[in-house]
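Notes for the one structure printed next.
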Amino acid sequence: MGRIIVITSGKGGVGKTTCSANLGMALAKLNHSVALIDADFGLRNLDLLLGLENRVVYTALEVLAGQCRLEQALVKDKRLHDLVLLPAAQNRNKDAVTPEQMKQLAYALTKKYDFVLIDCPAGIEMGFQNAIAAADEALIVTTPEISAVRDADRVVGLLEAHHVKTINLIVNRIRPAMVQANDMMSVQDVQEILAVPLIGMIPDDEQVIVATNRGEPLVLSDNFSLSGMALLNIAQRIEGKDIDFLDLDAPYDTLFSRLKRFFKR
Amino acid sequence: MISDFLERLFLGQEPTTSRDDVKSRLKIVLAHDRANLPPDLMEAMRQEILEVVSRYVEIDTEGLNFSLESDQRATALIANLPIRRIKFEPDAPSSASERSMPSQTARLPDAQLDSPGTTDVGSQPPPDIDLSL
């Protein structure tokens, strides 16, 4: 039986879909079979980030309507053979499916795949309810900004109310230089405020935009990037490995700032 | 940078950073979100607590502060009620106590009323508050 993990945030634009695409790819790279479900009906994007948009034929809706088999709707990745995408319908809205139907789809996929990752839409309405219905684990993506953290906290409360047992936090788009200048919350600040276990921190990185332009998730790229590394580490932590967190401050640390921190203690 | 340094040197205080600001704002807003207490309920509770406390001590209404704070997903009601003076005869009108004990006024440190461990107060009546000073 595979694990069902929902990737959610509350606020839009914090990097849910980017994390879903990269973590799916990273887990497949680590030799797991992975099914990614795009739960963002009406505003689907996961196919774009994976570079699979031209190969979508059927969507989850056709499967539920009995117009095709689940197997037929799954888009297989050419680069990693153990990765498939179940696309969302683009021409319908979030009310097109029910939480019960999402459960059916996710449970069916757990029979064949080690990991079923669900990319949740922004907001806490129907689309969110659908996305979390089947999940027993959740990854909360947030950025070190007041609105993203507030929305993440709301989502944590809703997940707890829905008995999602395991909730882990990813803090995305950290700018270490701004944290050092005390103009941005640190990962520890965000983690303390939300009081949810941390599973990863990803620095703000222009390469993410380049990767999105190409439809090639960062973790597949041969060029080394700190954010790609951070995402690979998260995938390994999901596997249950104990991987140390990256020291994002290191490139910005000067002797003076180290001394200053030492004396502040 | 230089002005920060001068400020620290001469005034002996650290200027608050935007990081400190956002943390304190978030703590307050999350405490209210988590408790999900309607504002009228909060106001009614505030009035009642003030009423009880005022029976025993005279409160400085200017400096009082009443808010929810949360730590590690537990919400606490933090009431900071600066005390002007103690009334030595509880329940007596304040004018009487002032007449009988004119020289016994004391300025006490700010009292903290803390009720930890009240996470889900949405549907419950206002939490019990320990008023011991």
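Overview of values
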{"read-out": "Amide H contacts of A:A122 (H built 1.01 Å from N, under 5 Å, at least 5 apart or other chain)", "value": "none"}
{"read-out": "Segment A:62-135: equivalent-ellipsoid semi-axes (sqrt of 5 x gyration tensor eigenvalues, Cα, Å)", "value": "20, 14, 13"}
{"read-out": "Summed residue charge, Cβ within 12 Å of A:T17's Cβ, Lys/Arg positive, Asp/Glu negative", "value": "-2"}
{"read-out": "Within chain A, helix-based [θ] at 222 nm, where runs of 4 or more DSSP H residues each add -39,500 (n - 2.57), nearest 500", "value": "-11500 deg cm²/dmol"}
{"read-out": "Residue among A:A161, A:A106, A:A122 with the largest mean-square fluctuation in a Gaussian network model of chain A, springs linking Cα atoms under 10 Å", "value": "A:A161"}
{"read-out": "Calculated Rg and Dmax of segment A:3-264 using C-alpha coordinates, Å", "value": "18.4, 68"}
{"read-out": "Per-residue HN-Hα couplings for segment A:177-194 [Karplus 6.51, -1.76, 1.60; θ = phi - 60°; Hz; x = Gly/Pro]", "value": "5, 5, 5, 5, 7, 6, 10, 8, 5, 7, 4, 5, 4, 5, 5, 5, 5, 7"}
{"read-out": "Cβ-based net charge around A:S225, under 11 Å, with every Lys or Arg adding one and every Asp or Glu removing one", "value": "-3"}
{"read-out": "Mean separation of Cα contacts under 8 Å, 6 or more apart, over the residue count of segment A:167-216: relative contact order %", "value": "49 percent"}
{"read-out": "Value of D in µm² per second that Stokes-Einstein yields for segment A:160-217, Kirkwood Rh from Cα pairs, at 25 °C (0.890 mPa s)", "value": "184 µm²/s"}
{"read-out": "Residue-count net charge about A:I209 - beta-carbon cut-off 14 Å; Lys, Arg +1, Asp, Glu -1", "value": "-2"}
{"read-out": "Lys, Arg +1 and Asp, Glu -1 on Cβ, resulting dipole of chain A about Cα centre, debye, nearest 20", "value": "140 debye"}
{"read-out": "Computed over chain A: relative contact order in percent, which uses C-alpha pairs under 8 Å that are six or more apart", "value": "24 percent"}
{"read-out": "Highest-MSF residue in chain A out of A:A26, A:A96, A:A181 [GNM, Cα springs under 10 Å]", "value": "A:A181"}
{"read-out": "Ranking of A:S186, B:S18 by count of other Cβ atoms within 10 Å, fewest first", "value": "B:S18, A:S186"}
{"read-out": "Karplus-derived 3J(HN,Hα), 6.51/-1.76/1.60, for each residue of segment A:204-211, Hz, glycine and proline x", "value": "5, 8, 5, 4, 4, 5, 4, 5"}
{"read-out": "³J(HN,Hα) computed for each position of segment A:132-145 - Karplus, 6.51 cos²θ - 1.76 cosθ + 1.60, integer Hz, glycine/proline x", "value": "8, 3, 8, 6, 10, 9, 9, 10, 9, 9, 9, 10, x, 10"}
{"read-out": "Segment B:V52-B:T17, length gained on full extension (0.36 nm per residue, minus Cα span)", "value": "8.8 nm"}
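All of the numbers you see were taken from the coordinates with simple rules; none came from a lab. What you see is a predicted model; the values in this text were computed from it and never measured. Cβ atoms come from the backbone with ideal geometry, glycine included; neighbour counts cover every protein chain shown.
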